[in-house]
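This report concerns only the one structure given below.
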Amino acid sequence: MYQNYLPIIILTGLSIILIIVPLILQSLLSPKHNKTEEKLRIYECGELPEDNAWLTFNIRFYSIALVFLIFDVEVIFLYPWAVVYNDMGLVAFVEVMIFLSILIVGFAYVWVKNDLSWVKMSLKYAQGRYSNLQKKDVN
């Protein structure tokens with residue numbers, strides 16, 4: 001009875017080993033000295049950091065990313081539909097039209113709310129490269 005659990009136990013043990021061994025090797029092989037300020041400075045694509053890393057991002061980054069994820073994931077559901085379309089016929093067609101109409105309503109809502117416009121307002125506490133953004137009139 002318990003022999004059915006042997007692959008799960010082996011996989012769990014292997015997973016734990018693959019997590020712990022690199023951490024132990026890194027702590028043993030990494031240099032313990034010569035950690036100057038320049039080596040501890042944040043490195044990002046060769047650019048010097050402009051400001052503190054704990055700044056708040058404008059909500060437009062999150063809203064556009066969320067809209068992209070929603071529509072990107074929903075497209076994945078069209079592939080199984082394409083596979084069974086010939087077998088199910090009109091039922092599959094009606095179901096996917098309902099599904100696509102719900103997606104189109106969501107897209108229209110995002111469009112009407114003007115959430116797809118990248119720069120639509122000036123930032124209140126803009127610093128660095130964002131300090132020159134001007135408010136655009138959306139007509």
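The values are calculated or read from the model by the stated rules, or taken from the named source; none is laboratory data. Here the structure is a predicted model, which is why all the values come from computation and not from measurement. As a convention, Cβ positions derive from the backbone with ideal geometry for all residues, glycine included, and neighbour counts pool all protein chains shown.
Quick check: is even one residue across the stretch 125-135 among the polar types (S, T, N, Q), surrounded by 12 or more Cβ atoms within 10 Å (Cβ to Cβ) and modelled with pLDDT under 80?
Among the residues of the stretch 125-135, not one is among the polar types (S, T, N, Q), surrounded by 12 or more Cβ atoms within 10 Å (Cβ to Cβ) and modelled with pLDDT under 80, which makes the answer no.
Check Ile64 against each of (1) of a type in the set (A, V, I, L, M, F, W, C); (2) in contact with a Leu (Cβ under 8 Å, 6 or more places away or on another chain); (3) free of Cβ contacts under 8 Å to residues at least 40 places away in the same chain and name the one condition it does not meet.
Against the list (1) of a type in the set (A, V, I, L, M, F, W, C); (2) in contact with a Leu (Cβ under 8 Å, 6 or more places away or on another chain); (3) free of Cβ contacts under 8 Å to residues at least 40 places away in the same chain, Ile64 comes up short only on (3).
(1) surrounded by 10 or more Cβ atoms within 10 Å (Cβ to Cβ); (2) within 24 Å of the chain's Cα centre (by Cα): which one isn't true of Phe57, the others all being true?
(1)
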